[in-house]
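Down below is the structure, laid out as structure tokens.
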Amino acid sequence: MKPMLHTRWQSMELIVSRDGQEIDRVSATDIERVIVVYRDRGDTPGDLAYAVLQTHTHDLLFPPESGIAGRVHFERQLFWGERRCVYWAPLAKAALPRKLCTGLWILRLSKPAFVRLPRDELRPVIAQWPLEGPQLWDERKNERIARARPFGALRQITPSPSSTL
């Protein structure tokens, strides 16, 4: 049986546990950026392929079954809204190094297991990803609804004050 990975907030810390045993914790104040890597269009929380939490010193990879989507999309909205640190990347353009995706070559999983990496190991890879945001789940949903309306793609663009000179 596969060990169950779970995340939860405890005060101002994100606790990571496996089979009920704490294996890691991250202070909320240490989180610099969250990158939600999605498959398909990223319209539902089920489209989460994996997430990367970046701190001052480490990058943490979370598989979707860890519950990280709920922690970022639906919990502590005021915290995430103030931080403006949630970004999005399509899975097709956000590949991880092979050593982080487990399994045999043909059966290799496209999602990583939970892992904490030194900051410099993953940052050059992430620098190549096309990031969207910062944008919370609700903002992304509202934008998707606006685009779906008639003429939604032709939203009025207001010129900045400096461009009218």
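What follows draws every value from the coordinates through simple rules; no lab data is involved. What you see is a predicted model, and the numbers here were worked out from it, not measured in a lab. Positions of Cβ are generated from backbone atoms using ideal geometry, with glycine treated the same way; all protein chains shown enter the neighbour counts.
Please say if the stretch 1-70 is rounded, prolate or oblate, where rounded means a/c under 1.5 for a ≥ b ≥ c the square roots of the C-alpha gyration tensor eigenvalues, and otherwise the choice is prolate for a/b larger than b/c and oblate otherwise? It comes out oblate by the Cα gyration axes. On a per residue basis, the convex hull of the C-alpha atoms belonging to the stretch 49-103 measures out at 105 Å³. Can you tally the net charge around LEU78? Count Lys and Arg as +1, Asp and Glu as -1, for every other residue whose Cβ sits under 13 Å from the Cβ of LEU78. Local charge sum for LEU78: 0.
Which shape class applies to the stretch 1-143: rounded if a/c is under 1.5, otherwise prolate when a/b exceeds b/c and oblate if not, where a ≥ b ≥ c are the square roots of the Cα gyration tensor eigenvalues? In terms of gyration-tensor shape, rounded. The calculated FRET efficiency for the pair ARG144 and ARG18, based on their C-beta separation and a Förster distance of 22 Å, comes to about 0.05. Between PHE74 and HIS56, the contour length at 0.36 nm per residue exceeds the alpha carbon distance by 4.1 nm.
Contact order for the stretch 1-99, expressed relative to its length and based on alpha carbon pairs under 8 Å spaced 6+ residues apart, stands at 25 percent.
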